[in-house]
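Novice: One structure follows; several queries about it will come next.
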Amino acid sequence: MPVPIAAIRREGLTILSESEIDQVDIIILHGLNGHPYKTFAHEESGFYWPAELVNSVPKSRVMTFGYNADFKLGSSNLMGIRQHAENLLLCLRHARPKPISGRPLFVIAHSLGGLVAKQAIIRSRNSPLDAEVGQSMKLLIFLGTPHRGSHALDKALFQAGIKLLKAATAKTYDIPRELRATLTPRSNELYVINEDFMRIKGSFAILNIYEQKIMTGMSELIVDKDSAVLHSEYSENYGFYRDHRELARFSGITDELCQRLFGIIKEKMEAVNLAKEDTVKTDFLRTQREACMKSLGHVPLTRQIEIPDAYDNTLRWLFTDDDKTSLKNWLTDGRGLYSFTGKPGTGKSVLMKHAYLETRKRYSQTKTFTARHFFNNRGTPQERSFNSFLQSLVLQFIHHAPHLFEHLLKEWQYIQEQDQDLYRDTIHNWNIDSLKRGLNDILDNWPPTVTGLVFIDALDECEDMPLRDFLPFLERLSITGSGDSIKICFSTRSIPPSCVG
């Protein structure tokens, strides 16, 4: 049933449909000499599509906004685009209190209404009270909006129609003065509105629908394509064989333009909901990642700090030696594992510290990530533990590539289920099997364009993982990543003969 005219406010907002589960607000604006009901109601069928919109797009709150741009007030009406835009913002402020404020906003505007909508968006970006309107905009549909004015308003036939109205009613029919000045082709106000709008509009979708049928009694289009199309990287343009009024009036739900309009709104609403789901997922992952990182503790640095720095120039050969087996060539063209061996007290730890720090500095401007771990059999249990080593690597890889936490989530959720007192002892909550699986999942999804370089000092000082097991583990780890993207450099006193292949 068509909505009765009396139920729709001539000026201000009218809510046509509303429910507690609404997910989007849709605002519909009429144009010059328009009306929030008459502009959109079909003259013959009486079909009023704004009232039907909620049936085709569920969970939407549909509203009309009326403003007085009537000819019958003539030059006595001093309201311009800016004043109408301010009134629209005021109405939206009252209609969208918290927690509704921030709900996605779609605007459908016919003719002059499109200019009012643009001005409202511009002003919202400069007003703390109305900032959420511009921030919430997701879709703006223009139905024959004269972005660059209308030549037809000054044509003889149009002016003749105005004169006939004056004569028939004995009233001062005319285009309101402020609006006439704005709608003059290439007017300064239109130029400023367009410039400001393009500067602040953001990335919401824009749909330009323009007329391709001359209205009866006129010699040209009210708003031609050049004026009706607002070019933007996010805009779509559609022309229809409709005159200016018919762009806003549909014969019924099966009307081609009605179906196209409703279909686009449904598509955009689905896209908004997907984006919202992605945001919820992102927030969830961030919260879980922060808790996970806390449970993993911290990267042990005591041993690295204790190791003295190398004397100047004593280890230059690490990065200048061009021998095929040199560290320099392995970093550039090598793969898998690279080792330094030597007796106790020969400076292996000093060398490993220097190699790590110098590599990190030399490769800082490339797609390279460097991680490290320094074992110490005279240090704390954490400095001697294989479990601590795995936690350290997981922490460093996730710090560098937070998006990979999604691949650790399964193991993290398992740990949460097993340990209800998770933060009472952050070091020992993770078991070795979970850490191994988590690290493998991270490296399985490691970006192939990023080289991961891992430096491990004193491998033989790990107290709960013998070298004969540790080295095969590292070998498997280095081939877990995509291609040759993971390389591991380590030091140890010696390598068991059984591990030399």
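Novice: Yes or no: segment 384-392 includes at least one residue that is farther than 17 Å from Phe490 by Cβ and out of contact with any strand residue (DSSP E or B) (no Cβ under 7 Å at 6 or more places or on another chain).
Specialist: Among the residues of segment 384-392, at least one is farther than 17 Å from Phe490 by Cβ and out of contact with any strand residue (DSSP E or B) (no Cβ under 7 Å at 6 or more places or on another chain), which makes the answer yes.
Novice: Just give me the residues in segment 448-476 being open to solvent by less than 10 Å² (accessible area, probe 1.4 Å) and either at pLDDT below 90 or closer than 19 Å to Thr366 by Cβ (or both), in sequence order.
Specialist: Across segment 448-476, the qualifying residues are Gly452, Leu453, Val454, Phe455.
Novice: Here is a list of conditions, (1) at pLDDT below 95; (2) at negative phi, and Ile28 meets all of them except one; can you say which number that is?
Specialist: Ile28 satisfies all of (1) at pLDDT below 95; (2) at negative phi except (1).
Novice: If a residue has to be polar (S, T, N, Q), under 41 Å from the mean Cα position of the chain (by Cα) and surrounded by fewer than 14 Cβ atoms within 10 Å (Cβ to Cβ) to count, how many in segment 359-385 make the cut?
Specialist: Here the count works out to 3.
Novice: Same structure, new question: Checking the condition at pLDDT 90 or above, part of a helix (DSSP H, G or I) and of a type in the set (Ser, Thr, Tyr), which residue from Ser498, Ser434, Ser491 passes?
Specialist: After applying the criteria, what remains is Ser434.
Novice: Is it the case that Phe142 is at pLDDT 65 or above, not in a loop (DSSP other than H, G, I, E, B) and not aliphatic (A, V, I, L, M)?
Specialist: Answer is yes for this residue.
For (1) assigned to a helix (DSSP H, G or I); (2) surrounded by fewer than 22 Cβ atoms within 10 Å (Cβ to Cβ), each residue gets a yes or a no:
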{"site": "Ala69", "(1), (2)": "no, no"}
{"site": "Lys72", "(1), (2)": "no, yes"}
{"site": "His84", "(1), (2)": "yes, no"}
{"site": "Leu89", "(1), (2)": "yes, yes"}
{"site": "Arg93", "(1), (2)": "yes, yes"}
{"site": "Ile100", "(1), (2)": "no, yes"}
{"site": "Gly114", "(1), (2)": "yes, no"}
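Novice: Under 8 Å by Cβ, and 6 or more places apart or on different chains, what pairs join a residue from segment 41-57 that is over 9 Å from Phe250 (Cα atoms) and acidic (Asp, Glu) with one that is at pLDDT 90 or above and open to solvent by 30 Å² or more (accessible area, probe 1.4 Å)?
Specialist: Within 8 Å, the pairs are Glu43/Arg249; Glu44/Ser251; Glu52/Ile253.
Novice: Okay, moving on. Could you list all residues from segment 433-461 that are in contact with a strand residue (DSSP E or B) (Cβ under 9 Å, 6 or more places away or on another chain) and either within 16 Å of Leu390 (Cβ to Cβ) or not β-branched (Val, Ile, Thr) (or both)?
Specialist: Of everything in segment 433-461, those that are in contact with a strand residue (DSSP E or B) (Cβ under 9 Å, 6 or more places away or on another chain) and either within 16 Å of Leu390 (Cβ to Cβ) or not β-branched (Val, Ile, Thr) (or both) turn out to be Leu443, Trp446, Gly452, Leu453, Val454, Phe455, Ile456, Asp457, Ala458, Leu459, Asp460, Glu461.
Novice: Is there any pair with a first residue in segment 215-236 that is at pLDDT 95 or above and a second that is open to solvent by less than 30 Å² (accessible area, probe 1.4 Å) and among the basic types (Lys, Arg) whose Cβ atoms are under 7 Å apart and which are 6 or more apart or on different chains, and what are they?
Specialist: none
Novice: Quick check: is even one residue across segment 315-337 open to solvent by 70 Å² or more (accessible area, probe 1.4 Å), of a type outside the set (D, E, K, R) and in a loop (DSSP other than H, G, I, E, B)?
Specialist: Scanning segment 315-337, I find at least one residue that is open to solvent by 70 Å² or more (accessible area, probe 1.4 Å), of a type outside the set (D, E, K, R) and in a loop (DSSP other than H, G, I, E, B), so the answer is yes.
Novice: Which of the residues that make up segment 75-98 are small (Gly, Ala, Ser) and within 30 Å of the chain's Cα centre (by Cα)?
Specialist: Scanning segment 75-98 gives Ala85, Ala95.
Novice: While we're looking at this one, here's another question. Asp425: at pLDDT below 90, surrounded by fewer than 14 Cβ atoms within 10 Å (Cβ to Cβ) and under 16 Å from Gly297 (Cα atoms), yes or no?
Specialist: yes
The values are calculated or read from the model by the stated rules, or taken from the named source; none is laboratory data. This one's a predicted model, so the numbers in the text were calculated from it and none came from an experiment. Every residue, glycine as well, gets a Cβ built from its backbone with ideal geometry; the counts of neighbours run over all protein chains shown. The area values use the complete protein model at the heavy-atom level, side chains included, leaving out ligands, DNA and RNA. Shrake-Rupley method; radii C 1.70, N 1.55, O 1.52, S 1.80 Å.
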